[in-house]
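Inspection log for the structure reproduced underneath, given as structure tokens.
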Amino acid sequence: MLPEGNRQSNIERFSGYEDTYDRYRPSAPQEVVNILTGYLQQKPGLVLDIGCGTGLSTFIWGKHAHNIVGVEPNDDMRGKAEAKLNSLHLQETDGSIRFMSGYSNQLEFPDGTADLITCSQSFHWMEPVSTLAEVARVLRPGGIFAAYDCDWPPTASWQSEKAYVGLLGNADKLLQERQSQQDQALKRNKESHLANILHSGAFRYAREIVFHNRELCDGERYFGLALSQGGIQTVLKLGLPDLDEEIHRFKELVKEHFQDRTLEVLFSYRMRIGIK
């Protein structure tokens, strides 16, 4: 049985497309490490990255923490992370990295043991009250919780960005119409993250930090980023053809913008932190 607050549809939403997710999604930027270690004022002993997916937000800590644990309930996503870990060269990490199955509100760690607990692109899938209570239990005094997300889409032409947003919205609308309520994933509002941290009463200080990261991107990756979104992947897994023409139009707009070039795109991030 799932712990209270977890929803199987949220977990299964990411089954079967771990390769697409890992290929196109951005790795967590170095700025995450810089900001959090700056607040911590020391090299963290233990970092827990919960809802870690394929480890894109876990491996960045390899040279910046002593022990790093990625916690992920989806077997496919965690399996991809473990496969990447097995192929990791020793010189790429100074700390110990491992992955485990688990839930955000039922962490298998003793009280007061973690320096940092992070949620990258994942806190909106978690029940906030029970998750923050568990985070507060596991963090040591002075430890930091950080939930950070990038805005979709990254920069391109306004036409391709508009099509990207429209495609995501239509995918969500289609799933609301065609899926039973029980099978629909429950995605919470990211704009509530800071309020949830403040209202938990578990942190002496909380704030939002906004920053950007520039990455190189070609048309294939930009198109793949859209297809890596959970709503679109669910539509494709269900075999629904309703978005086929819209996906094709989006692909053509992306090709028109990138024209076989690799360009710099901007990812905008919002990090909400709480210091215990």
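The values are calculated or read from the model by the stated rules, or taken from the named source; none is laboratory data. Just so it is clear, the structure is predicted and the values come from calculations on it, not from any experiment. No Cβ is skipped: glycine too gets one built from the backbone with ideal geometry, and neighbour counts run over all protein chains shown. All accessible areas refer to the heavy atoms of the entire protein, side chains included, with ligands and DNA or RNA removed. Shrake-Rupley method; radii C 1.70, N 1.55, O 1.52, S 1.80 Å.
From largest to smallest, the equivalent ellipsoid semi-axes obtained for segment 174-276 from the alpha-carbon gyration tensor read 33, 24, 8 Å.
Of the peptides 227-240, 188-201, the ranking by mean beta-carbon count within 10 Å, highest at the top, reads 227-240, 188-201. Once the cut-off is 20 Å, how many percent of the Cα-Cα pairs in segment 37-146 end up in the long-distance tail? Here the tail beyond 20 Å accounts for 34 percent of pairs. Annotation: lysines with alpha-carbon distance below 25 angstrom to residue 43 (same-chain offsets under eight excluded): 63, 84, 276. Each peptide in 131-142, 77-88 was scored by the mean count of other Cβ atoms within 10 Å over its residues; highest first, the order is 131-142, 77-88. Restricting the calculation to alpha carbons of the chain gives Rg and Dmax of 18.6, 54 angstrom. Plainly put, segment 67-126 has a radius of gyration that is 0.97 times its Kirkwood radius, both from alpha-carbon atoms, as the Rg/Rh ratio.
A probe of 1.4 angstrom, applied to the heavy atoms of all protein chains, finds residue 255 with accessible area near 120 square angstrom. Once all protein chains are placed together, residue 129 keeps about 110 Å² accessible to a 1.4 angstrom probe. Listed by chain and number, the lysines whose C-alpha is less than 25 Å from the C-alpha of residue 187, apart from same-chain residues fewer than 8 away, are 80, 162, 173, 237.
Any idea of the accessible area per residue across segment 64-183, 1.4 Å probe, to the nearest Å²? Numbers along the way, then the final one.
On the way: 5380 Å² over 120 residues.
Per-residue accessible area for segment 64-183 comes out at 45 Å².
Ranked highest first by average number of other Cβ atoms within 10 Å, how do 211-218, 44-51, 64-71 line up?
Values: 211-218: 15.1, 44-51: 25.0, 64-71: 22.4.
With the highest mean Cβ count within 10 Å placed first, the list reads 44-51, 64-71, 211-218.
Mean residue ellipticity, 222 nm, helices only, the chain: the sum of -39500 (n - 2.57) across DSSP H runs of n ≥ 4, divided by residue count and rounded to 500, is -11500 deg cm²/dmol. Along its principal axes, segment 144-194 has C-alpha extents of 38, 33, 12 angstrom, given from the largest down. How big is the gap, in Å, between the Cα center of segment 202-269 and the Cα center of segment 119-177? Result: 14 Å between the Cα centres.
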